[in-house]
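Note sheet for the following structure.
Computed from the coordinates by the stated procedures, all read-outs in this text should not be read as laboratory data. Just so it is clear, the structure is predicted and the values come from calculations on it, not from any experiment. Using ideal geometry, Cβ is built from the backbone for each residue, glycine included, and neighbour counts are taken over all protein chains shown.
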Amino acid sequence: MNLNSTPIRTRTPLMVGQAGLSIGDTQAELLVALRSGSRRLLFGQTTSEMTRMLPEPAPSDILTIVAESRLLHAPDVFRVLAASIHQKAHLLPDDIVKLEIILTELLSNAIEHGNLGLTSHRQDKANEKNWFADYTAQVKHKLSSPLGRIPVLIQCQRSGAMVTVSIEDKGLGFNVSAMLTVAKNPQSATGRGIAVAMGLASGRLTYSSNGRKVSFSLATQSNSAQRVPTRSSIRQNSRILVVDDQATVRTTLLTILRNNGFMQVQEVSEHANLVDIAQKTSANMILLNILMPEPDGFKLYTQLKSVQETAGIPVIFLCQSENPQQKHRAFQLGAQDVISKPLDPAEVVARVENHLYYQATLSHVSNLTGQLEGELERAKTFQHDLFPSARKIIKMADMFKVEIASHYEGCETLAGDYWTVIPINDKQFAFALADFTGHGTIAALNTVQLHTMLRHETNLTNPALTTASLNAQLSRMLGKGSFATFVFGVIDREARTLTYTGCGAPNLLLKHANGSVEELSCAGLPLGLSPDVSILPRTAKLEDGCTILAYSDALTDTEHAPTNQSWQKEKLRHTFNAIPSQSGAQALVDDLLKTFYATAVLPLKDDLTLLGISLQTP
Amino acid sequence: MSFIHTQVASQHTRLTMPSRLDSTQAQPFRSAIQQVLAGGLKKLELDCLHLEYIDSTGLGLLTLARGEAQVVGGTVSLTNIRWPGTVADVLMLVHFDSLFPMTFNEAPGSHTGGPIPTQSQ
């Protein structure tokens, strides 16, 4: 879907347009759209910037809004937005007030401080009494100015048993620490908003992008998502629309269904408004007569399928039994089923219930899948957090006069590769790269174990002892058939030496300052296969301007187009040779990856990790 | 529902709070406070039994009311705060128990709400 090429914006208020968007330009329209249950909203006039902010729809999306500040900043909007999220996300019943307060505080701050550049901090106590009137007037003035047209993106997504709401604005961002400092003054009339939001979100509130994006999570009523649907619950809870231009037919169907336990059946007499009604009622099923005055059933069906919010509603057509062509066309269009008139009550009930049951079961499976995906995403974030932070890398680079560059890409959500750099003292630091067998959850859990073990090692200056200790522990812990190729090195910056151990890892590559390349053997038994393995250290001389490369075997074993041959050592060595010797670690890693990805057959079949370390010339 | 004045005793007024204290209630609240203060208040009790929603604007309004009462030598207390409840959570989060005398109204059957907060010293 290319939003930029489709005419999203028209002057028609609240148009349900392409890609299932509700579009409008006023606060009243925004409130109507929120109350009607729309899931994707685009409100305002700065259209090109707003469409760039609008993310592609994802299965985990519950609500996505891009709207200008001037339309979002109002108590009514905060309240209706909270109610909309609460209803869609099935939050815990007591959390709606909490949600409204959090949204009020965060949206107000995102708009006031991020978009409009206002601060509520008052140094002048004489103005304290008038703070609210003054501040409100400022906000009102700026919202009505061009500043108020800065768009804000609000996203609500399901993540397992939690729902995450994020607010991202394209304004200035704001200084969270300054806000928290003001809030510490208990006598102040202002500055408590962020503290309140943080407290109510129970610590699950995070900032990123220099304060331009804020996210928080709330728990859902996950029990309802985990409950397997039953036929009686389906009869009670399904919302069915009956659409026929003949009142007698509508009445007959209502009676049949209600007499058989379907409690939420509604007739639609103004069938031209079917799409709107289906959205507002969140219908689960539509019984739709074919032969009606314009628009007929087929046209209405096409309309339903063209709108994201209604495209997934199953439709059972009602047709004349003496007209088989109607039935054929209905199935060709993709209808769920067709019921012929005159109506057989038992047939109507059976078909309606069966289709609702199948849909509910599919939805249940989809929910469980969504929960699992959410859990995996959280686990992925956790795994990524094991790696050295950018701040740590910068600190080490400064301390040791080195450049450290890395690349990490799992072939599945969770990966079995691991790398780290560890400062030991003011002259020495260590690096490690491991590749556990398999990928996915088990391999990822093993990387966490290795990370924890390394943190507790006390002989980091001695690679052989460290590796032997890790091997002994992993040999006891890893399952049968599991092991890890591993390289662990200690660089002495003063002595300009590398002391390392190799446990079946790909050979290190060392590019010297004069351009020559040396391959450092990492041959040895992988970690975890046998506890009693003699591990011997190896050494190499380094010099300022040299670069070491460690990598996982995906670099040499991935197939490349058009021959489906992998690089193996030869091509890697050739590519490595071609990179200028003074490039530095980052440029070397970037160049290698550029060449790699130019022809690599994707998606990767194995996790890919590169770690480059160059000794800088003082 | 708006703010309801009840004269409890001489110079002791109870102001019953509506269900929400936010920016929409700022002007009515300020007017109600000023009206009470003009009557020679010494003790202002804000009855929070019906209060279900309070945000940072509402917190600021309470702080202002306290400041204005202090100018005339009066005090402001918060009474009948629903427990458990989000309003109670918010007030405790920002340590309003150090600014206002507070009393709580425990909802029936709320056994899972934990102990009612005690006033911090």
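For the stretch A:420-576, place one equal point scatterer on every Cα, skip the solvent, and apply the Debye formula. What is log10 of I(q)/I(0) at q = 0.13 Å⁻¹? Listed by q, the Debye log ratios stand at -0.63.
The mean number of partner chain beta-carbon atoms within 10 angstrom of a residue's beta-carbon across peptide A:192-199 is 5.
Mean partner shielding of peptide B:56-68, defined as the number of other chain Cβ atoms within 10 Å of each residue Cβ, is 6. Round to the nearest 10 and give me the degree value, 0 to 90, for the angle of helix A:297-306's Cα axis relative to the longest principal axis of chain A. With rounding to tens, the tilt is 30 degrees.
Taken along the Cα-to-beta-carbon direction at a fixed 7 Å, the label points for A:N425 and B:H5 span 7.9 nm.
In this Cβ point-charge picture (+1 for Lys and Arg, -1 for Asp and Glu), the protein assembly as shown has a dipole of about 1080 debye about its Cα centre.
Sorted largest first, the principal axis extents computed over the alpha-carbon atoms of the stretch A:467-520 equal 45, 22, 8 Å.
Per residue, the Cα convex hull of the stretch A:310-400 amounts to 120 Å³. The average projected area of the stretch A:485-579, computed from the convex hull of its Cα atoms over all directions, is 7.0 nm².
The rule of thumb for compact globular proteins, 2.2 N^0.38 Å, goes into the C-alpha radius of gyration of the stretch B:1-54 1.08 times. For the stretch A:530-598, count all C-alpha to C-alpha pairs, find those more than 15 Å apart, and express that count as a whole percent of the total. It works out to 63 percent of all Cα pairs. Where q = 0.20 Å⁻¹, what log10 of I(q)/I(0) comes from the Debye formula for the stretch A:574-618, counting one point per Cα? Evaluating at q = 0.20 Å⁻¹ gives log10 I(q)/I(0) of -0.71. Shape class for the protein assembly as shown: oblate, because the ratio a/c of the largest to smallest gyration tensor axis (alpha-carbon atoms, square roots of eigenvalues) is 1.5 or more and b/c is at least a/b. Between A:S389 and A:T441, the distance separating the two model label sites (each 7 Å from Cα on the Cα→Cβ line) works out to 3.0 nm.
Residue order for A:M53, B:M17, fewest other beta carbons within 10 angstrom first, comes to A:M53, B:M17. Could you name the lysines in cross-link range of A:K571, using Cα to Cα under 24 Å and dropping any fewer than eight places away on the same chain? Straight-distance partners of A:K571: A:K511, A:K594, A:K605.
Counting every pair of alpha carbons in the stretch B:40-97, the share spaced more than 18 Å apart comes to 32 percent. In summary, chain B shows an alpha-carbon radius of gyration equal to 1.01 times the 2.2 N^0.38 Å reference for compact globular proteins.
With chain B treated as a Gaussian network of Cα nodes joined by springs under 10 Å, which of B:L49, B:L99, B:L78 yields the largest mean-square fluctuation? Maximum fluctuation in the GNM of chain B, among the listed residues, is at B:L99.
A Cβ-based charge dipole, computed about the Cα centre of the stretch A:293-340 with Lys and Arg at +1 and Asp and Glu at -1, lands at about 120 debye.
Calculation over all alpha carbon pairs of the stretch A:31-74 in 5 angstrom steps from 0 returns a P(r) of 5, 20, 29, 26, 16, 3 percent.
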